[in-house]
Amino acid sequence: MRADFPDFRLGSVLATSFTGTLSERHGNAVERIPTPCRLVDWLAVNGLAVDSCTAAQLDLARELRESIHAAATAVAIQDALPASAVQVINDCSAQGRAAAILTPEGDRRWRLGSTSCVEDALSVVAADAVSIIAGERDGKLALCASPSCQAAFFDTSQSRSRKWCDMNTCGNRQKKARFTANQRKKPSSAE
């Protein structure tokens, strides 16, 4: 991993992890795939290794990311799916050459075409988005309660009441802010 870039925020759901490559959307936005090489890194970390990426492919990836975010947000707030987002997701899903394979351990992995390209990897991300947006998986789409984040995430908790996209970042930040505010309200003890 290249140390000069922000860490990836990895989750268990590929599509929403991908939307997390742009975090703090309503604050000081953090772009976690600022260069084609960084997209190659993210894909590799997620089992979708490709040899290279062009600037045009990075633009396509960002368009897919924003389309998934728009559609997931619409589902989370029970709004209509944006037609343009649906079109981008469907186009990306259809254009790749990837196959689901079963590992000897019984896990599903993706095998990209013999000349793996970014479009093949993005088709896997788009297909994952289709499955969660269509409600095919057990869980629900929600938005992070952090006012500066509001990332879409897939809540698979038993109660489906998770508030934060990531407890280690947004959740802790909000808890710390509440604690600090409460400490300021307390009168200081005079000695």
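Go through the residues of region 3-21 one by one and say whether even a single one is closer than 25 Å to L112 by Cα, among the β-branched types (V, I, T), open to solvent by 30 Å² or more (accessible area, probe 1.4 Å) and not in a helix (DSSP H, G or I). Scanning region 3-21 turns up no residue that is closer than 25 Å to L112 by Cα, among the β-branched types (V, I, T), open to solvent by 30 Å² or more (accessible area, probe 1.4 Å) and not in a helix (DSSP H, G or I).
Residues are listed down the side, and each one gets a yes or a no for (1) within 16 Å of C144 (Cα to Cα); (2) within 18 Å of the chain's Cα centre (by Cα); (3) at pLDDT below 90; (4) not hydroxyl-bearing (S, T, Y):
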site: D7; (1), (2), (3), (4): no, yes, yes, yes
site: G11; (1), (2), (3), (4): yes, yes, yes, yes
site: E31; (1), (2), (3), (4): no, yes, no, yes
site: L43; (1), (2), (3), (4): no, yes, no, yes
site: A72; (1), (2), (3), (4): yes, yes, no, yes
site: D79; (1), (2), (3), (4): no, no, no, yes
site: S84; (1), (2), (3), (4): no, no, no, no
site: R97; (1), (2), (3), (4): no, no, yes, yes
site: A100; (1), (2), (3), (4): no, no, yes, yes
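Can you tell me which residues in region 71-94 are open to solvent by 40 Å² or more (accessible area, probe 1.4 Å) and of a type in the set (A, V, I, L, M, F, W, C)? Result: V75, I77, A80, L81, A83, V86, A94. Residues in region 35-46 that are out of contact with any helix residue (DSSP H, G or I) (no Cβ under 9 Å at 6 or more places or on another chain) and open to solvent by 40 Å² or more (accessible area, probe 1.4 Å): C37, A44, V45.
Once region 154-188 is narrowed to residues that are more than 22 Å from A15 (Cβ to Cβ), modelled with pLDDT of 75 or more and of a type in the set (D, E, K, R), the residue that is most open to solvent (accessible area, probe 1.4 Å) is R184.
Before we move on, is V13 without any contact (Cβ under 8 Å) to a residue 40 or more places away in the chain and β-branched (V, I, T)? No; evaluated as a whole, the condition is false for this residue.
The values are calculated or read from the model by the stated rules, or taken from the named source; none is laboratory data. Note that the structure is a prediction, hence the values are computed from the model and not measured. FYI the Cβ positions are ideal-geometry reconstructions off the backbone, even for glycines, and counts take in every protein chain you see. Accessible surface areas use protein heavy atoms only, side chains included; no ligands, DNA or RNA. Shrake-Rupley method; radii C 1.70, N 1.55, O 1.52, S 1.80 Å.
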